[in-house]
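J.: Have a look at the structure that comes next, please.
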Amino acid sequence: MIQRLSILGSTGSIGTSTLDVVARHPGRYEVFALSAATQVDLLLSQCARFSPRYAVMASAPHAKQLAGRLRAEGLTTEVLQDAGALEAIASHPEVDVVMAAIVGAAGLAPCLAAARAGKRLLLANKEALVVGGALFMDAVRTGGAALLPIDSEHSAIFQCLPEDRATWPQRVDSILLTASGGPFRQRDPATLAAITPDEACAHPNFAMGRKISVDSATMMNKALEVIEARWLFDLAPEQIRVVIHPQQIVHSMVQFNDASILAQLGTPDMRVPIACGLAWPERIESGAARLDFSTLAALTFEEADAVRFPGLHLSWQALRATRGTTTVLNASNEIAVEAFLARRLRFDHIHAVNLATLDAVSPEAPDSLEGLLATDAQARAAAACAVRRLAA
């Protein structure tokens, strides 16, 4: 039976990789809806190729431009642009699968809508769990959604864990998330102040969006993954560890109570976890190259350096604090990275902004979407103040 798919963030790296996998299986998947922020040209070409019923754009001018160009080319895709458009395509009764690939807290509301509607939800949006936490997982359980992680590390953990979740407490000791270390793994910490946005966005293994690339360079990406793992796998913070693995062949590992470890290996290609999420428990062709052990160099592992990557360790601090603290950390980091990419903030001051915001904002354990968004807004305002102080 053909599965209908909505892709939230179809013009980003995860979205385009998803469409690449989908195109390899025309009798299995049908694209129902696509969404983008500003990339009209790319979304137009995706509509021409996959003929979705709906396309959503984040702003009215871009939506108007896309609609005009679709009409000019004789394409029938309907363009939506309003506050509820993303939630609508995420929860539409005819949709079977939702790929959640919007970066940032903006992806939380449509992820909640998909979860409450009981969709097969492929989660590439860390913030749904970092910001939403317990609220999001409650929506998954209540709606009967099937939640499958798409981050390569969380997909690896998912594949290594026993299928019977009820046995995890008796069998699982801890998980080990691997990290590449980014482009500054061996750089002298004293030189971090001089790093430019272009340097920070030059990831050694993946071509990613600029915000995610900066997060990888600071290891805040891994901090968010620690928080995400706590909710995905219902683990205590101390059961989650991080190890630097520059080659990114081992995508993550599970250590069991008998000291044995299971790991998932493969080439660093996001189409692998995407294909896994689309077809699980079946396996389908992803388009990724096979791993050739005869050509592999040594696989190395290192401790995550707290001096070079202080942001990583904020994840455990935030998880142990009042509910909502992870929302504060995420919002602050988004503001700080945005300021760095705009060359208004030094690279090494991203962590300083996050520390200042955590000190300034005391969340009141929000238990609704409105409460989470209010905490998010408060943290963004505090982070913007911290940016101005540091930039002065």
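The values are calculated or read from the model by the stated rules, or taken from the named source; none is laboratory data. Predicted, not measured: the structure shown is a model, and the values here were computed from it. We place every Cβ from the backbone using ideal geometry, glycine too, and count neighbours over all the protein chains shown. Please note that ligands, DNA and RNA were not included when accessible areas were found on the heavy atoms of the full protein model with its side chains. Shrake-Rupley method; radii C 1.70, N 1.55, O 1.52, S 1.80 Å.
J.: Filter region 65-81 for residues that are free of Cβ contacts under 8 Å to residues at least 24 places away in the same chain and either open to solvent by less than 50 Å² (accessible area, probe 1.4 Å) or under 22 Å from GLY107 (Cα atoms) (or both) and give the result.
T.: ALA67, GLY68
J.: Tell me, yes or no, whether region 204-222 has at least one residue that is among the hydrophobic types (A, V, I, L, M, F, W, C) and more than 16 Å from the chain's Cα centre (by Cα).
T.: No, the conditions are met nowhere in region 204-222.
Conditions tested, residue by residue: (1) hydroxyl-bearing (Ser, Thr, Tyr); (2) part of a helix (DSSP H, G or I); (3) open to solvent by 20 Å² or more (accessible area, probe 1.4 Å).
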residue	(1), (2), (3)
LEU148	no, no, no
SER155	yes, yes, no
GLU163	no, no, yes
THR167	yes, yes, yes
ASP173	no, no, yes
PRO183	no, yes, yes
ALA190	no, yes, yes
LYS211	no, yes, yes
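J.: For the structure I just gave you, tell me whether THR178 is open to solvent by less than 70 Å² (accessible area, probe 1.4 Å), closer than 18 Å to LEU312 by Cβ and either in contact with a Pro (Cβ under 8 Å, 6 or more places away or on another chain) or at pLDDT 90 or above (or both).
T.: In short, yes.
J.: Starting from region 369-392, take each residue that is charged (D, E, K, R) and list its partners that are part of a helix (DSSP H, G or I) and surrounded by fewer than 21 Cβ atoms within 10 Å (Cβ to Cβ), counting only C-beta distances under 8 angstrom and pairs at least six apart or across chains.
T.: So the pair list comes out as ARG389/ALA356.
J.: Turning to a different aspect of this structure: Mind checking which strands (runs of 3 or more DSSP E) fall wholly inside region 1-113 and carry at least 2 residues that are touching a strand residue (DSSP E or B) at 6+ places or on another chain (Cβ under 9 Å) and over 20 Å from ALA124 (Cα atoms)?
T.: In region 1-113, the matching strands (runs of 3 or more DSSP E) lie at 78-80.
J.: In region 3-38, what residues are open to solvent by 40 Å² or more (accessible area, probe 1.4 Å) and at pLDDT below 95?
T.: Those that are open to solvent by 40 Å² or more (accessible area, probe 1.4 Å) and at pLDDT below 95: SER13, PRO26, GLY27, ALA37, THR38.
J.: Same structure again: From HIS313, HIS349, which residue is surrounded by fewer than 21 Cβ atoms within 10 Å (Cβ to Cβ) and in contact (Cβ under 8 Å) with a residue 12 or more places away in the chain?
T.: After ruling out the rest, the residue left standing is HIS313.
J.: State which residue pairs qualify: first residue at pLDDT 95 or above and among the basic types (Lys, Arg) and inside region 100-126, second residue open to solvent by less than 20 Å² (accessible area, probe 1.4 Å) and in a helix (DSSP H, G or I) in any location, beta carbons under 8 Å apart, and separation of 6 or more residues or different chains.
T.: ARG116/ALA139; LYS119/ALA90
J.: For the structure I just gave you, tell me whether GLU87 is over 24 Å from the mean Cα position of the chain (by Cα) and either of a type in the set (Asp, Glu) or buried (at least 20 other Cβ atoms within 10 Å of the Cβ) (or both).
T.: no
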